[in-house]
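Asker: Have a look at this one before I ask anything.
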Amino acid sequence: MNNLSNGFLGMLAEDIKKAESLLENAKSDEELTDLHRELDAKYQACFDNWGDGMYGYIPNVGFHYEMISEKHNISMMLGKMKALLAQRATFTKNSGIDSNSSGSDSIYTNASEIVKKDSIFISHRSTDKDIVKILYTFLRLCGVSADQVFISSLPGNDIKENIPVEVKTAIETSCVQIALLSKEYYESAYCLNEAGIMWYRASDAKTVVIAMPDIDEGGMLGFLNSDYKIKRLDQRDDLFTIIDIIKTGCKNISEVNSTTLNKNVEQLITEYKALLENREKTIAPITPDRHGCYTVKIEDIFDDPEKPHRFYLIKGFLKLDEDTSYDESHWICDWNKKNSFKKGDTVVFQVKDTTFEKFIMHGNEPLYNFRNITPERDIRKI
């Protein structure tokens, strides 16, 4: 059994012990649900049969926690998850599974048949896609071609019909894998699934871990933990190191002279700091007034190509009674196009109801973890 298997076994043992302790000593269902969420995000990508037979689990979507907490015994659910982890630990210990094994226990369909591409995979939360866009531009200016980069949030690199398979394939065949860590990244089950696969492939691909300002070594969790040295996008030395790592991992990188490279580094640092400064101005949630009315600005508009519906992207996020920790964007729904607001308009409305959705195609671009907000009829422009 290799070091990778030993590390995986150690992680399983630690989490099994944590589940056992909480099942005996938990003071509330919330504590059990929090651990259930944590283990789900951590291990979902590593188990072919993850969630099978568990109440509230929807294949390719995940656990519906409102169903679990409201209609089922969460302690029973956590107990089933602990049993699945124990089963995997026994199997791994007895079979000596490693990163070159094939079969149903591997996160690969057949790892021995995977062919590496001269490509780069970038894992990130959709809330950080503005940062990833400038990173992508930086890589392009430094000699990386467009077809060498897979970023799900950029047009032309997006995932299409089969989300899990296409993303897994992009990671499994990459020579360099980059993770952009943030607080929101660690709150996303999808991101942590990607992190798990990246960790599993660490011996097969160069790994670059970049952290946003809200993450330091002490805040690194799960698979991509403090064992990895983090890089910063506002540090010159780190940016030069990232380029060196990519050149080592990928063969077909065009040469860029030192003057141009220095210019590219300075440009990325300037753009990155500007984005962070702009974020600080818009980070506070939008709260209702004493009448329950929200005042928001419209940032974008999307018309449904098949139905007479229009959707308005608002700037920021509404403060709601629902759990919005997974929300990446809020959209006002204009069913049957009863209004004619424009980009830049400020509107006032009360919320009638909201619905959280994990994925939809907006034209040719994917949209993840968004909330549709149906307003009361008295929505108006001010």
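Asker: Cβ-Cβ under 8 Å, sequence separation 6+ or interchain: first residue in segment 134-145 and over 16 Å from HIS124 (Cα atoms), partner assigned to a loop (DSSP other than H, G, I, E, B) and not polar (S, T, N, Q). Which pairs?
Answerer: LEU141/VAL256; CYS142/ILE253; CYS142/VAL256; GLY143/ILE253; GLY143/GLU255; GLY143/VAL256; VAL144/CYS250; VAL144/ILE253
Asker: ASP303 versus (1) more than 17 Å from ARG371 (Cβ to Cβ); (2) touching a residue at least 40 places away in the same chain (Cβ under 8 Å): which is the lone unmet condition?
Answerer: ASP303 satisfies every listed condition except (2).
Asker: On to the next question. Would it be correct to say that ASN278 is closer than 27 Å to LEU233 by Cβ, among the polar types (S, T, N, Q) and part of a strand (DSSP E or B)?
Answerer: Here the answer is no, as ASN278 does not meet what is asked.
Asker: Also, I was wondering about something else. Being modelled with pLDDT of 80 or more and either loosely packed, with under 14 Cβ neighbours inside 10 Å or over 27 Å from MET198 (Cβ atoms) (or both) is true for just one of SER28, SER69. Which residue is that?
Answerer: Answer to the selection: SER28.
Asker: Any residue in segment 238-255 that is in contact with a Phe, Trp or Tyr (Cβ under 8 Å, 6 or more places away or on another chain) and assigned to a loop (DSSP other than H, G, I, E, B)?
Answerer: No.
The values are calculated or read from the model by the stated rules, or taken from the named source; none is laboratory data. No experiment lies behind these values; they were computed from the predicted model shown. Counting neighbours? That spans all protein chains shown, and the Cβs are built from the backbone with ideal geometry, glycine included.
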